[in-house]
1. When the residues of the stretch 210-234 are filtered to those that are of a type in the set (V, I, T) and surrounded by fewer than 21 Cβ atoms within 10 Å (Cβ to Cβ), which remaining residue is farthest from I143 (Cα to Cα)?
2. Just checking, which of D196, D138, D187, D178 is open to solvent by 40 Å² or more (accessible area, probe 1.4 Å), under 21 Å from A237 (Cα atoms) and part of a loop (DSSP other than H, G, I, E, B)?
3. Can you give me the number of residues within the stretch 144-162 that are hydrophobic (A, V, I, L, M, F, W, C) and open to solvent by 20 Å² or more (accessible area, probe 1.4 Å)?
4. Which pairs turn up if I take residues in the stretch 289-317 that are in contact (Cβ under 8 Å) with a residue 60 or more places away in the chain and surrounded by 15 or more Cβ atoms within 10 Å (Cβ to Cβ) and look for partners that are assigned to a strand (DSSP E or B) and aliphatic (A, V, I, L, M) with beta carbon separation below 7 Å, at least 6 apart in sequence or on another chain?
5. So is S275 under 25 Å from H117 (Cα atoms), touching an Asp or Glu at 6+ places or on another chain (Cβ under 8 Å) and at pLDDT 95 or above or not?
6. If the Cβ limit is 8 Å and pairs must be 6+ apart or interchain, which residue in the stretch 336-365 that is over 28 Å from Q303 (Cβ atoms) and assigned to a loop (DSSP other than H, G, I, E, B) pairs with which residue that is of a type in the set (D, E) and open to solvent by 10 Å² or more (accessible area, probe 1.4 Å)?
7. Between V336, V322, which is within 14 Å of A295 (Cβ to Cβ) and open to solvent by less than 20 Å² (accessible area, probe 1.4 Å)?
8. Quick one: would you say D264 is without any contact (Cβ under 8 Å) to a residue 40 or more places away in the chain, within 25 Å of E354 (Cα to Cα) and acidic (D, E)?
Amino acid sequence: MSVDLEEILGRELHDVATTLQVPPMPALPREQPRPSHGFRNALLVAAVIVLVVAAAVAIEAVGGGSREPSPAPPRLTIPTTPPTTPYVLDGKLYVSGTQVPGEWWSVQSGTAAWLAHRTDDTWWWGRDATPYEIQDLDGVPVISPNGRYVAAVDDATSMLTGFSTDAGGEGFGAARVDLGDPAVTGDPVHVTAVTDDGRVIAQGAAASVLWLPLVDNSTVDLTTGEPDPTVLGNTPAGLVVSDGDGGPQYLADVTDTGGLAGKDVLPGLDSFAVSPDGRWLAWTPAGSLGGEVTAVSSLDVQQLDGSGRAVLRPPSTWALKVGAWTWEDDDHLVSVVVHDDGSAGERLVRCSAEAARCVLIRSAT
């Protein structure tokens, strides 16, 4: 309740003043004067004023009038320590704080293992800083979100192949796939997703199949439904799917018969990354990565239920390098950043989804 302090004081002083009997001016005393009734009445007036002020202050505190704002909640601290997830910075691959020999283009991280592309166009994987080459592969491999399985289409043999990182790279079979003629179709068949239970999806203009190497090594044609689904990738929360009819993208689980059970609808996106607990989605909006875009000024982030939406921006003068961001844990995302004016040199940032901000971090040297 709002209280007009001036009005209360005025009313109280008026009531006191009307009841006071003010004595006439006394004659000059011949002896030491004693306190007069007037002095006592002045004390009474002062006491009333003090009581009125105290009451007004109490009413303000309880009644919710104009008061000092509540203190802001403490700001979440974002660590600036080197990342715990593998990363490539200025062509150097770091795993668990150790530099892996060689020059590298990129790295994909699963929970249990990593998969990296070296500048000599070879592919390597590892569970720590010890790298293992994927030999005799003419294709682009993909790792599952949990890091337990890797699969690829071998263009030289027209075969789907894969292996388990749990078993030290031991293969789990192969299946033939129709690659067509990429020179004619313009969309070569490649692995688009590997699930945490070892299912493999390969798609292109000539084929769209689900391979079940850990079930019976069979393949399932995914083009029998309407419309044909396009699997854009896999995340800890499920496959990212588009029906190819201009409709929304969504998360889905795949069955052994090739059925896709739709879950959450996603915003229109070009790239995406989901936190290990399947709670947070980071993405770039559809159309933002067209042409020759190599860096972006921000990433959108929200919880998969649609709440907590925010924008993650690197510190001033930096931009996020395309394809170089990955979730480190359930709240933090790590990305390589480059100078937004195009000058040389790379750094790393760590972004917090909860805090909705990013800070520059130190890297291993």
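1. Ranking the candidates gives T224 first.
2. When all the criteria are applied, what remains is D196.
3. Looking only at that region, the number is 2.
4. Pairs that qualify, where the first residue is in contact (Cβ under 8 Å) with a residue 60 or more places away in the chain and surrounded by 15 or more Cβ atoms within 10 Å (Cβ to Cβ) and the partner is assigned to a strand (DSSP E or B) and aliphatic (A, V, I, L, M), are L304/L281.
5. Answer is yes for this residue.
6. Going by the 8 Å Cβ cut-off, the qualifying pairs are G345/D90.
7. Every option except V336 fails the conditions.
8. The answer is no for D264.
The values are calculated or read from the model by the stated rules, or taken from the named source; none is laboratory data. This structure is a prediction, so every number in the text was calculated from the model and none was measured. Note that each Cβ is placed from the backbone with ideal geometry, even for glycine, and that neighbours are counted across all protein chains shown. SASA here: full protein model, heavy atoms, side chains in, ligands and nucleic acids out. Shrake-Rupley method; radii C 1.70, N 1.55, O 1.52, S 1.80 Å.
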